[in-house]
Amino acid sequence: MKRETMAIHAGYESEPTTKAVAVPIYQTAAYEFESADHGAALFNLETPGFRYSRISNPTVAVLERRVAALEGGVDALCVASGQAALNYAALNVAGMGQNIVSVPQLYGTTYTLFAHILPGQGIEVRFAESDSPQEIERIIDENTRAVFCESIGNPAGNICDIEAIAAVAHRRGVPLIVDNTVASPILLRPMEYGADIVVHSLTKFMGGHGTTLGGAVVDSGKFPWRDHADKFPTFCTPDASYHGLVYVDHFGDAAFIARCRAVQQRNTGAVLSPLSAFLLLQGIETVALRVERHVENARTVAKFLRAHPNVESVNYAGFADNPYHALAKKYLGGAGSSLLTFEVRGGFEAAKHFYDRLALIKRLVNMGDAKSLACHPASTTHRQMPIEQQVKAGITPGMIRISVGVEHIEDIVGDLDQALAAASAIISHAAE
Ligand SMILES: Cc1ncc(COP(=O)(O)O)c(C=O)c1O
């Protein structure tokens, strides 16, 4: 099945989802049992079905199947936000005294989670000097439980060599977790290159309209937990919190996601509401169409900015001279994503004036919306990061990030042009 079709149909084809989705015509927190034995069988995970919406929900289940189908995974867990998905994925592999090795180019709140929040729970996150597989391998040790990267870094725009990074992780007996939010499975499917777990902020391209928060953890089903049982006893030995269940025995390939649901979501409850799932499902039906237009518009915007006299530089992997172009060719068919950054000539002040003059493009900190959006990472998404870490993450003080939307390209370019002209006039006037 092609991705366009999966985005519309996956999830409805098999039991019990079809029935469960067709039957409820109201919103409910819990589901009636046919009998005490039926209830017991559901609790024992002997029969498929729904008990309580903090564990699973029929509408959310369709979304889970659809996201899993798009990424090529065996199963998925959809949660309240991308951050919840990242937190759950990390907590599901690592515990007190263990570490996760990450690339340095990260979304700002992921950096905060890794640098400040997980260490409070005894999990160290080690940041490699760069996204090179050698730098990553250098800091893996016997306590490492996963390697983490964003397939396309937000906002750095770096493209990770997933195949090479997965090879490093696997050589050291740990899974590779990839945040595929910026690429979306329409541009890239990390599992086809060896990623074991994929995480998404569904709030972005998947939902696509900037209306609804959501996140997903997708399990490739390929990581051999049993072969590394010494490192991952939580999957391979009886779980006292779930009456002695052994996840790899009971769930086979889908052990990671089953534990994520039974341990992380069931006990800490970052649940996606069914209404949000419904809205995200509507978005996903058009994700393939939108991403095609996003990418086409972004290419034109990148070319326009590069030729503009008031623009210092443009970071767009679709350009042949971009350091990540070879990886863009390998992983994205040569295109850059529709998230790009540039420097307005005149530095911080000029960038600020440009930003204030935007009329069509919205000043807000989201991306992957049908609408074009702009943000200034140094003062917003990445402001908690120390300056030297900002530099490693690819952020500069005068950088503007644009998420190029699906509007008519002449309107997008026209807005950029007038804002650049206005910023340049203000700067020249001040210099007189
Ligand atoms: C790459 C990436 N991952 C995760 C997140 C967090 O997602 P959410 O805002 O849905 O929690 C974001 C948000 O911008 C992001 O850009």
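The values are calculated or read from the model by the stated rules, or taken from the named source; none is laboratory data. Bear in mind the structure is a predicted one, so any value in this text is a computation, not a measurement. Using ideal geometry, Cβ is built from the backbone for each residue, glycine included, and neighbour counts are taken over all protein chains shown.
Points to keep in mind about this one:
- Yes/no for Leu86 being under 19 Å from Phe235 (Cα atoms), within 15 Å of the ligand (Cβ to nearest atom) and either outside the structural domain of Thr203 (by TED's automatic domain parsing) or surrounded by 22 or more Cβ atoms within 10 Å (Cβ to Cβ) (or both): yes
- Counted residues, the range 131-162 - those being in contact with an Asp or Glu (Cβ under 9 Å, 6 or more places away or on another chain), of a type in the set (Asp, Glu) and more than 16 Å from the ligand (Cβ to nearest atom): 2
- Total residues in the range 388-432 satisfying the condition of being more than 16 Å from Ser313 (Cβ to Cβ) and of a type in the set (A, V, I, L, M, F, W, C): the figure is 14.
- Out of Asp179, Asp249, Asp253, Asp230, one residue alone is in contact with a Leu (Cβ under 8 Å, 6 or more places away or on another chain) and acidic (Asp, Glu). It is Asp179.
- Taking the numbered list (1) within 16 Å of the ligand (Cβ to nearest atom); (2) in contact with a strand residue (DSSP E or B) (Cβ under 9 Å, 6 or more places away or on another chain) in turn, Phe354 passes all entries but (1).
- Where a residue in the range 69-97 is touching a residue at least 12 places away in the same chain (Cβ under 8 Å) and its partner, wherever it lies, is within 16 Å of the ligand (Cβ to nearest atom) and aromatic (Phe, Trp, Tyr), with Cβ under 8 Å and at least six apart: Leu77/Tyr88; Val79/Tyr88; Ala90/Phe114; Ala90/Phe148
- Breaking point among (1) in contact with a strand residue (DSSP E or B) (Cβ under 6 Å, 6 or more places away or on another chain); (2) assigned to a loop (DSSP other than H, G, I, E, B); (3) of a type in the set (Gly, Ala, Ser), for Ala169: (2)
- Some residue of the range 219-233 being in the same structural domain as Ala29 (by TED's automatic domain parsing), within 24 Å of Val287 (Cα to Cα) and not aromatic (Phe, Trp, Tyr): yes
- Evaluation of Lys204 against (1) within 11 Å of the ligand (Cβ to nearest atom); (2) closer than 18 Å to Glu64 by Cβ; (3) in a strand (DSSP E or B); (4) out of contact with any His (no Cβ under 9 Å at 6 or more places or on another chain) (one fails), failing number: (3)
- Some residue of the range 211-231 being free of Cβ contacts under 8 Å to residues at least 40 places away in the same chain and buried (at least 22 other Cβ atoms within 10 Å of the Cβ): no
- Residue that is nearest to the ligand (Cβ to nearest atom), among those in the range 109-130 that are surrounded by 21 or more Cβ atoms within 10 Å (Cβ to Cβ) and under 17 Å from the mean Cα position of the chain (by Cα): Thr110
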